[in-house]
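Q: My questions will all concern the structure given below.
The values are calculated or read from the model by the stated rules, or taken from the named source; none is laboratory data. These numbers come from a predicted model, not from an experiment. All Cβ positions, glycine included, derive from the backbone under ideal geometry; neighbour counts span all protein chains shown. The area values use the complete protein model at the heavy-atom level, side chains included, leaving out ligands, DNA and RNA. Shrake-Rupley method; radii C 1.70, N 1.55, O 1.52, S 1.80 Å.
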Amino acid sequence: MKQNTKLLRIIFTFTLVLIVLGFVTQIAEAQKKVISPEEFFGFELGSDRKMARWDKIIDYFKILEKESGKLKVINMGPSTMGHPFLLLIITAPENLANLDRLQKVNAMISDPRGMAESEIKKLVKEGKAVMCQSMSLHATEIGGTQMAPELTYDLVSRDDDETRRILDNVVFCMIPCFNPDGQIMVTDWYRKTLGTEYEGAGLPWLYHKYVGHDNNRDGDYLNMIESVYAAKVMYRDWVPQAYIDHHQMGSYGARIYIPPYCDPIRPYADPLIWREMSWYGAHIAYKLEENGKAGILNAAQFPGWGHFGWHWITPFHNIAGMLTESASTKLATPLYIHPEQLQAGSRQFPEYEAQASFPNPWPGGWWRLRDIVEQKKIASWALLDLAARNKETVLWNAYLKAKRQTERGTNGKPKAYVIPTAQHDHLTAVKMINTLLLSGIEIKQARKPFYVGHATFQEGSFVISLAQPKMGLIRNLLGRTFYPDNEWTRDNDGSPLRPYDLATHNMNEFMGVDVVPVDEACKGDFRIIDGQVETSGEVETGGSGYLLDGKLNASFKAVNLLLDKGVAVQRVDKASSEACPGDFIVAKGPEIVIKDVADLTGVDFKALKREIKEGTHLVKPVRAGMYQRYWGGNMDEGWTRFVLEQFAFPYTSLKDAEIKKGGLNKKYDVIIFPTDSTGMIMGEISGRYRRYLSSVPPEYQSGIGEKGVQALKEFVEKGGTLVTLGEACSFAIDKFALSVRDAVENTTWKEFFCAGSTFKVNFDNTHPLAYGMPPEGFVVFYGSLAFEITPSQHNERYETVVRYKDKDILQSGWLIGEEYLSNKAAMINAEYGKGHVVLIGFRAQHRSQTHGTYKLLFNALMR
């Protein structure tokens with residue numbers, strides 16, 4: 001008995017010691033100091049003339065992860081130029097420990113098909129609100145990424161009720177820098193110019209290897225690797241209930257724009273989405289005013305129908321996608337603004353004076369980076385605060401949005417889109433399917449032929465039902481869309497207001513893929529596609545060589561790879577029983593090379609049964625140059641580089657000095673000028689760009705001048721080909737004195753207007769520049785030209801390759817003044833000396849999206 005008592009005392013004492021040690025540990029942990037940003041970086045973030053660089057910011061996040069226990073740092077992978085792309089997950093330690101389960105709960109709420117409402121109610125109680133915010137997508141808009149370490153520090157170090165409520169009820173997914181490469185470029189550039197007369201000047205080149213500002217136009221096609229990472233987080237892995245993308249805008253208007261958007265709004269989002277934006281935006285506005293911030297604008301300037309970048313596409317993923325836009329400084333250099341310099345004049349913000357959506361105008365004065373950092377931190381915190389206070393409401397409405405969108409898809413028309421196996425370019429159709437899969441859209445593939453109405457679809461056809469939560473996204477990407485023409489889109493005098501970017505984002509029209517809307521549910525034997533659809537070309541043996549299909553974009557990549565390996569390739573010019581004009585004939589080469597190219601490209605190498613001896617020409621390795629300027633860079637040039645690299649076209653970037661030097665034929669057969677104004681190409685800067693003349697060092701001021709024009713003329717006269725895209729056609733028409741005019745050049749917007757629409761055209765696919773094209777299809781008209789060949793002594797030197805239809809030209813978007821386009825040329829080939837000037841008036845390779853017209857550019861390179 002005494003032994004038992006003694007044992008109990010020992011156990012009691014030991015237990016008491018453990019409890020005391022536990023309390024001591026907790027106190028120690030509570031008192032443990034997490035290093036502040038100011039201590040780590042050596043300055044307060046947002047300080048005048050100070051910028052933290054991405055590599056140091058990464059180091060700081062890793063320290064916070066180690067010290068706090070409330071942060072998980074995930075390296076999603078390398079950026080385009082090899083820098084870490086991070087996702088931060090900030091939440092309570094017990095949530096971090098249970099992250100896999102919370103992710104699963106969130107996924108079931110986001111797609112509740114097949115679940116009872118009683119089950120959902122349990123999940124809503126168990127789950128946490130998932131909020132996502134991203135910073136500094138545009139690298140010169142530096143405030144977001146400079147703010148991110150401070151916001152993170154506050155969340156992991158504060159121990160007040162409000163912070164605990166956020167951490168307990170919210171899983172916060174932050175992308176602290178959407179463009180790591182650009183952040184490093186801009187930081188290094190700013191430090192280089194600091195203390196000079198060029199301090200605060202913009203970067204002379206694109207702040208991304210390829211796309212610059214257009215990384216916010218890639219939320220649908222997901223061409224950039226950074227976009228792929230963001231889509232993985234928001235479209236598939238987490239699907240947050242709300243998302244804010246933090247931006248900056250011009251310096252001379254409101255101090256910050258916050259949600260909601262103004263009219264017009266894009267169709268097919270659940271109505272709760274628009275209400276949530278107002279709800280979150282009101283709380284953000286309230287907190288900003290509460291903290292004494294002035295110049296806050298909401299429900300104006302940015303419409304609900306915008307491009308399909310991140311904050312404008314997420315509503316159709318059932319995410320309340322929003323943005324903030326802070327007024328900019330000169331990077332980290334303060335800017336003084338006089339009261340009379342402040343202005344409005346944008347959508348639903350007519351004057352710079354108090355109104356319901358702008359009750360507290362900022363009076364002017366010094367504007368600093370620290371002001372931006374404080375604004376964005378308040379706005380970011382307010383989103384998390386509202387979600388934490390209303391966690392169950394947020395999650396329940398996420399369920400309702402998914403459920404109701406699925407019901408709309410079930411009951412509405414069309415009920416599905418079918419992508420048949422029979423396509424003009426089946427590999428591009430697979431590319432489209434894989435892109436849609438990255439967006440978390442459910443896609444099925446037929447195991448057997450099936451019937452819908454009177455139509456029969458073959459085994460292998462893809463079916464995208466609208467009875468799924470992302471119904472609105474599918475409708476916008478695959479259905480014809482028409483931009484509204486009403487009081488929200490017209491000025492007081494009836495002039496159209498330019499849409500914020502394109503008027504349509506129809507993916508299959510851009511990519512040249514046949515998509516069939518059906519009004520009945522598809523019944524048959526289908527499998528849900530899990531993962532990307534793989535393609536691998538087959539190599540037939542037993543022939544004298546191989547035949548590649550000239551209709552496939554991927555065939556051009558195959559040819560470029562083969563030429564690089566020394567394999568001879570010919571192009572078919574005359575139809576035969578074996579081949580069509582534009583097909584490629586590949587000589588027998590090393591089997592391993594042929595097999596590798598087939599595997600990489602997905603192109604079938606069909607055995608050539610009989611040797612084709614006539615009606616072909618030898619394909620030479622491409623020798624292409626492309627004009628690259630400064631003045632902040634040219635996004636179309638960057639996108640074109642990306643497209644060429646994707647299809648293995650060799651090219652060289654051509655700067656002013658090399659063009660002016662002349663002798664271009666020694667190195668190049670083709671020179672490309674991406675869409676650009678004549679003034680920018682020539683270096684004759686006017687309008688708002690004139691300020692760059694004094695703010696950019698002389699070595700970064702561009703323009704080929706008249707000397708460059710003469711060198712280009714000599715290049716073409718001696719047999720070279722000059723390819724001009726979009727607006728650059730005006731440069732060629734003017735400087736080469738071509739007998740061509742732009743039929744829409746001198747029209748008013750009331751007479752003719754179009755912004756980013758798809759138009760119906762005819763392709764002359766008997767012409768070498770249109771080899772492999774269908775007889776008719778769509779082109780993207782965006783700041784584009786429509787040509788008339790003017791009478792001259794040499795009309796025979798001009799050939800129309802692509803022509804607009806005579807009527808019913810608009811497929812999707814918005815068009816005023818169809819008659820100005822009727823039967824006009826859209827693409828012209830002009831003889832000039834021994835060479836050619838190719839005018840492609842529309843966007844043939846726009847943002848690496850318009851796959852349906854790539855071959856028009858590719859043919860110009862591979863003549």
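Q: Heavy atoms only, 1.4 Å probe, whole protein assembly: order Arg165, Arg527, Arg255 by accessible area, highest first.
A: Details: Arg165 70, Arg527 95, Arg255 0 Å².
Final ranking, largest accessible area leading: Arg527, Arg165, Arg255.
Q: Counting only the heavy atoms of the protein chains, how much of Arg847 is accessible to a 1.4 Å probe, in Å² to the nearest 10?
A: 10
Q: Projected area of region 324-462, taken from the Cα convex hull and averaged over every viewing direction, in nm²? Working shown, then result.
A: Numbers: hull surface 62.0 nm².
Over every viewing direction, the Cα hull of region 324-462 projects on average to 15.5 nm².
Q: Now for a separate question. Using just the Cα positions, wrap region 127-263 in a convex hull and report its mean projected area in square nanometres, one decimal place. Intermediate values should be presented prior to the final figure.
A: Working: hull surface 44.3 nm².
Value for region 127-263: 11.1 nm².
Q: Between Leu194 and Asp59, how high is the FRET efficiency from 1/(1 + (r/R0)^6) when r is the Cβ-Cβ distance and R₀ = 22 Å? Nearest 0.05.
A: On the way: r = 22 Å, r/R0 = 1.00.
Result of the calculation: an efficiency of 0.50.
Q: Sort 556-564, 714-722 for me by packing, meaning the mean count of neighbouring Cβ atoms within 10 Å per residue, highest on top. Walk me through the numbers on the way to the answer.
A: Working: 556-564: 22.3, 714-722: 19.4.
Ranking, from highest mean packing down: 556-564, 714-722.
Q: Can you give me the distance in nm between label points at Asp168 and Glu831, each placed 7 Å from the Cα along the Cα-to-Cβ direction?
A: 8.3
Q: With a ≥ b ≥ c the root eigenvalues of the C-alpha gyration tensor of region 78-119, is it rounded (a/c under 1.5), prolate (a/b larger than b/c) or oblate?
A: Cα axes put region 78-119 in the oblate bin.
Q: Using a probe radius of 1.4 Å on heavy atoms only, what accessible surface per residue do you get for region 377-417? Whole Å² is fine.
A: 34
Q: Separate question: Expressed as a whole percentage, what fraction of the accessible surface of the chain belongs to carbon and sulfur atoms when a 1.4 Å probe is rolled over the protein heavy atoms? Before the final figure, lay out each step's value.
A: Details: 17240 of 34360 Å².
Carbon and sulfur: 50 percent of the exposed surface of the chain.
Q: Let me ask something else about it. Going by alpha carbons, how many degrees (0 to 90, nearest 10) lie between the helix axis of 180-193 and the longest principal axis of the chain?
A: Tilt of helix 180-193: around 90 degrees.
Q: Within region 450-596, count lysine pairs with alpha carbon atoms under 22 angstrom apart where the residues are 8 or more positions apart or belong to different chains.
A: Lysine pair count for region 450-596: 10.
Q: Rounded to the nearest 10 Å², what accessible area does Ile592 show when all protein chains are kept and the probe is 1.4 Å?
A: Accessible surface of Ile592 is approximately 110 Å².
Q: Which entries in Lys666/Lys707; Lys209/Lys606; Lys122/Lys403; Lys104/Lys401 show an alpha-carbon gap greater than 26 Å? Don't jump to the answer; show the numbers that get you there.
A: On the way: Lys666/Lys707 18 Å; Lys209/Lys606 37 Å; Lys122/Lys403 16 Å; Lys104/Lys401 18 Å.
As for pairs spanning more than 26 Å Cα to Cα, those are Lys209/Lys606.
Q: Relative to the compact globular guide of 2.2 N^0.38 Å, what is the alpha carbon radius of gyration of the chain, as a ratio?
A: Numbers: Rg = 29.5 Å, N = 863, 2.2 N^0.38 = 28.7 Å.
Compactness ratio reported: 1.03.
Q: Over region 395-518, what is the mean sequence separation of C-alpha contacts under 8 Å (at least six apart), divided by residue count, expressed as relative contact order in percent?
A: Numbers: 170 pairs, mean separation 46.4, N = 124.
Rounded, it is 37 percent for region 395-518.
Q: Extension gain Trp396-Ala356, at 0.36 nm per residue separation less the Cα-Cα distance, in nm?
A: Details: separation 40, 0.36 × 40 = 14.40 nm, distance 3.08 nm.
Full-extension gain reported as 11.3 nm.
Q: Hey, another quick one. Would you list which lysines come within 18 Å of Lys192, measuring only between C-alpha atoms, while excluding same-chain residues fewer than 8 positions from it?
A: The reachable lysines, counting only those whose Cα sits under 18 Å from Lys192, are Lys50, Lys56, Lys330.
Q: Taking the full set of protein chains and a 1.4 angstrom probe, give the accessible area of Phe457 in square angstrom, rounded to the nearest 10.
A: Roll a 1.4 Å probe over it and Phe457 shows about 10 Å².
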